[in-house]
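These notes concern the structure reproduced below.
Every number in this text was worked out from the coordinates using simple rules, so none of it is lab data. Note that the coordinates shown come from a computational prediction; the quantities given were computed from them, not determined experimentally. Here the Cβ positions follow ideal geometry from the backbone for every residue, glycine too, while neighbour counts run over all protein chains shown.
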């Protein structure tokens, strides 16, 4: 390496002579940082999404590679958030990739002191059987004057404000058809 | 707002940069206070007194936007001579029924409408949270009303309002709220000066406002101010609710709620709605003006979407299949029923009541007494592990080997692992694309409920039971894709939007819905989100490529309208009130409404249109009546029906308060919903004895770094690290009084629980001088629980269960407690401490104290149309300064 090359490679020289007088871009770049590539550039794709926390509805861009979320950033196109995210929204990648996430079905028998594993398909089937049994035990056809009730007060459900409209629609539709009236969500609290 | 909705708060800062003055009212100094022009610390639970003071300021000085008020509100309407105000009834309006602690509304009606309007007796409506129906429309008014355009008639709304708030003076605000009168006047002056033809002012609240026993009336008071100042339906105006979950608006519009069906159609009541016709007529009120007149089409189309081919005009579209309400089936009633062993199974879908709901111990005891519990969540939350890790295990109240509840934990897919729409807090639907597959057994709710329904239908396919017909006939055929047979969310969105049954063509607007079975519409107010077969919620035209209204980003209900009632942004003749505040106006050349937003008015109805005699439905709305979903087309300063605890807001003390109500002998909202269940209790308040056992006020709210019950934040490393521990904020004065040390421990005791927290001594909280004495308030975050990376006691354990009568939301922004230094006891000693406080406070389990304050005998029921109103003659309310037990401490 000649002296000239050495001087020209010196960040202060580049800052004074180049196009980056404030030294916040090209002038500050090292050989190593020049070789780095942003995760957002190597992503397989980017999904246009919305922050899952509060109801402001900030736009998110979800970058992913090999079926893994690699980065979540604010969407600068959004007229609501203009690319910004708060501490929670900025932590969304940590949320969805958290090692604490439960990814298998867990089952606790009555009076048990520990969890067990359970096959998902079996679990859904067991739940369906319990719904049918609860309806049979608690069904009310009509009131004391013979007016229809068509319901069970033996089944309750809570939650929906973190879910999609399409999901809430199916939940309400199915519970209503099974006569389960006691459906509530965070809007009540 | 800066704490809980930081990114939304950037717009407040933009407004401030352009000269707006920002006022922040909060019991606690926060990041919002730090950048506000003026911060007003307030005694929690006194917002109606503060806002009522603003109303009084406006009316005393005649600062209302008179042209707007006269033309667009019911200020000029004459009210029945049978109406009596709380000012004459010492805290009671006319029509109070002491047997049910609720009102008969006949005497509240407009003159001449005493018998044909209103909902009559409101006790049933309280149980079914009927106030929520009005989220998309107002209550009804039949026919014509009498008006006095001079606003001088003693019974016109304007004069009633003036008398009602006359005692809400700056001095009274200071006495009730602890807000210095000069600071109050600064707020009142700024608000009124920034309203009118050229300017608009905006009122923003977070939904802590709803968590009071008078929550709906808080918001009513804000709406009255905004109507008086002409700040509704105009750009830069409005009453903006900042809601706290990504799609909590969506889950109210498409309700997973017991009392509603999609689009705010009421769930039928067994006695009131025996037939389809009676149900529909109770919604549309034949002869009623406004757009709600088409309710039969919305109702028929919903049932058609539910039961498809089986739903025909001949069988009333399977109306008989709908389950019927008989009373209160809300979440708190359910929990008490669980404790009593009446509920077999419970689903938790991304909600964590063991931490997030009031009276955590009641929640956990209820869940410990089920046959089975299904928890669907991203993380192992407290509501799934209460049987082994909950505080009741430590006290011996729950013994795992004796706890019978069978628990299924099913992992859920996250927001990036499925596609679908969220509806954010301003009614805007935004479609999310899917990024990756969910891990392991994690599935979307769409998957779970579709396949659960499929399986139930298979198992019941041959059932002969009449109760299974609604499931067997259900239209439950959704296309699926992928290895797990995930249902197509867009197919569901299309059904929500609605379509023509014969052709499958998606509807473009709810005006295309029919009542003959030819259309199916899952949620009529969402009609248009899939117009032309295009997912309008997925639109993402950059903000740089469109105007500031950004109408091509997502889709807002109804009809992609961004500001509701925006006809009010133009004057009665259809011209903008001012050039600065131009938004929607009448174009006389094209003979249509136009502007930046989708006009909230029939497009070609001219401002000069006057309805013919007896016109109903949309035809009955005049060309200068902007509030098209209201029965009389007017904004309601005074609500003759629809609000169950009064046509006007009145200051009541919270259910638990150390202060005697300075305004009325009636202490708290007499219509509040209380539960006389052994697990529930209310700490005594004056004039009851022993209120000094719980001398301090506590309030709760969110931290920027955590979310609700912590299931999505105490499990996330960066967030857990930023706010690692449960704490309580106390003022230096209280710390000295109680003997608390910075970063030491304190424990807080209520009649329900004792919790501990680390102490943060800070002047973010300040003692307030109220009615001649000092009131200390402490603040707690409500995010903590016993699972996750960071844990702590739950603030919500301190609360009892008392609800707002309109919407059955609990009072969980204020309670009373004692504060003691050091850590709380553990094990059975913890129960002994709470029991000792209960004994000292005279709390008897299951006896929550009288709704009507002793010494304030309610006026006798004034529903008898032949008799005069006794509340006017009995001399109550003459001496507000001489009350028994006022200084209980």
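Observations
- The mean sequence distance of close C-alpha pairs (under 8 Å, at least 6 residues apart), as a share of the length of chain B, puts its relative contact order at 18 percent.
- Residues in region B:393-411 reached by a label modelled at residue A:119 [backbone nitrogen below 19 Å; 7 Å Cα→Cβ]: B:408-411
- Per the Debye calculation on region B:673-841 with a single equal scatterer at every Cα and no solvent contribution, log₁₀ I(q)/I(0) for q = 0.11 Å⁻¹ amounts to -0.47.
- The shape of region B:656-770 can be summarised by an equivalent ellipsoid whose semi-axes, obtained from the alpha carbon gyration tensor, come to 30, 20, 14 Å from longest to shortest.
- Coordinate range of the alpha-carbon atoms in region B:566-612 per principal axis, descending: 35, 19, 17 Å.
- Whether chain B is rounded, prolate or oblate, judged on the alpha carbon gyration tensor where a/c under 1.5 counts as rounded: rounded
- At q = 0.14, 0.20 Å⁻¹, base-10 log of I(q)/I(0) for region B:520-598 (Debye sum, equal scatterers on each alpha carbon): -0.57, -0.96
- Separation between Cα centres of region B:779-852 and region B:361-413, rounded to whole Å: 20 Å
- Averaged over B:453-459, number of beta-carbon atoms from partner chains that fall within 10 Å: 5
- Shape of region A:119-188, Cα gyration tensor, a/c cut at 1.5: oblate
- Part-to-part distance (alpha-carbon centres) for region B:296-339 and region B:640-717, which is given in Å: 33 Å
- Cα-based convex hull volume of region B:220-330 per residue, rounded to whole Å³: 162 Å³
- Note on region A:29-114: Cα-only Rg and Dmax are 17.7, 63 Å.
- Ranked packing of B:418-427, A:70-79, most packed first, by mean Cβ within 10 Å: B:418-427, A:70-79
- Computed across region B:559-649, the Kirkwood hydrodynamic radius from all distinct Cα-Cα pairs reaches 14.1 Å.
- FRET efficiency for residue B:150 and residue B:197, using Cβ-Cβ distance with R0 set to 30 Å, rounded to 0.05: 0.90
- Per-residue mean of foreign Cβ neighbours for A:42-50 is 5 (Cβ atoms of other chains, 10 Å radius).
- For region B:621-699: span of alpha carbons on each principal axis (Å, largest first): 59, 30, 23
- Comparing Cα centroids, region B:25-44 and region B:428-481 end up 47 angstrom apart.
- Label-zone membership for region A:143-184, site residue B:463, 7 angstrom Cα→C-beta point, backbone N under 19 Å: A:143, A:148-157, A:170-183
- Global form of the protein assembly as shown, assessed from the alpha-carbon gyration tensor, a/c cut-off 1.5: rounded
- With the simple spin-label model, which puts each label point 7 Å out from Cα in the Cβ direction, the residue A:16 to residue B:186 separation comes to 5.2 nm.
- Residue-averaged beta-carbon neighbours from other chains (10 angstrom radius) around B:308-321: 1
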